[in-house]
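The structure under discussion appears below in the form of structure tokens.
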Amino acid sequence: MSDFYNQINRNALPCHVAIIMDGNGRWAKANGKPRAYGHLNGVKSVRAVTEAAAELQIKYLTLYAFSTENWNRPKEEIDALMGLLVSTIEAETATLNKNNVRLTTIGDTKRLPEPVYNKLMGCIESTSANTGMTLNLALSYSSRWEITEMVRHISEDVKTGKLTSSQIDDKIISSYLTTKNIPDPDLLIRTSGEYRISNFLLWQIAYAELYFSSVMWPDFTKEHFYEIMVDYQKRQRRFGKTGEQIETGNENL
Ligand code: FPP
């Protein structure tokens, strides 16, 4: 096994890793190919990272596979991405089950074409009893969409008396988000050398560590993932406290 792999402390892994998989289009262009070819190769990286994370027994892996804004891409590219989603689900459901991985999704999935939606629901259903890693696909997802929905639902519940406005706190807000059953990400990775969050998990990443990799997503391997785990483990997460408070456990410092 590699150097990075051997440096990983199995007892200090992030519980939830979220990834913005970026750079498929540029990778394809650099290789003189259409954008869809980049997405096709991006699936290999999805498989590699899912396998690496599951092997390390990371509990949650969220992948930004299709954003609300991606609906504005050319129809041909949207069709290619939807086709890839279907073929990947078809090809990988058995492997997910074999590896005890549960598939979930966040996003406005009702917007997906019906055959894609049905395939997705079939895989979610088939893997629902698995107790290992949760692979969470963000599809037709954006934070502003999610936050808008949350505000709408909370105000409906206040109107009907299910909730009072004074009860609203950060826990209540989290419980109205699509990620209500998932802990906040400990680590957010974005590939392709872009330093942006692009409407992804804005509420949930309040205390996440951020890692920006210059690697284009189709070139992203298990090795890159291991390297990031090692980097993450060198960081001290303070959640607003002082370094001394964290190191000694003494709140008065
Ligand atoms: C960003 O690259 C990537 C996407 C919009 C889609 C990611 C999708 C996959 C990797 C394949 C399908 C996924 C699954 C889970 C089966 P970009 O096209 O924005 O790249 P660019 O910034 O270089 O143009």
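Any read-out appearing in this document is the output of simple, stated calculations on the displayed coordinates, not a laboratory observation. Since the model is a prediction, treat every value here as computed from it, not as a measurement. Every residue, glycine as well, gets a Cβ built from its backbone with ideal geometry; the counts of neighbours run over all protein chains shown.
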Checklist entry - At each listed q (0.12, 0.17 Å⁻¹), what is the log10 of I(q)/I(0) that the Debye formula gives for the stretch 1-148 modelled as equal alpha-carbon point scatterers? => result -0.53, -1.04
Checklist outcome for this item: Other residues with Cβ under 12 Å from the Cβ of Thr95 give, with Lys and Arg +1 and Asp and Glu -1, a net charge of -1
Item to check | the stretch 136-238: GluC sites (Glu not before Pro) falling in loop per DSSP and having at most 12 other Cβ within 10 Å | outcome: none
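Of the cross-linked pairs Lys75/Lys110; Lys59/Lys98; Lys119/Lys180; Lys162/Lys241, which ones have a Cα-Cα span greater than 25 Å in the structure shown?
The answer is Lys162/Lys241.
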Item to check | In range of the label at Glu149: residues from the stretch 113-141 whose backbone nitrogen is under 19 Å from the point 7 Å along Cα→Cβ | outcome: 113-125, 135-141
Checklist outcome for this item: Filtered hits (lysines, Cα-Cα < 17 Å from Lys33, offset >= 8 within chain) -> Lys44
Item to check | Spin-label model distance (nm) - Thr160 vs Asn97, 7 Å beyond Cα toward Cβ | outcome: 3.6 nm
Checklist entry - In the stretch 192-243, which chymotrypsin sites (Phe, Trp or Tyr not before Pro) are in a loop and have at most 10 other Cβ atoms within 10 Å, using DSSP for the loop call? => result Tyr195, Phe239
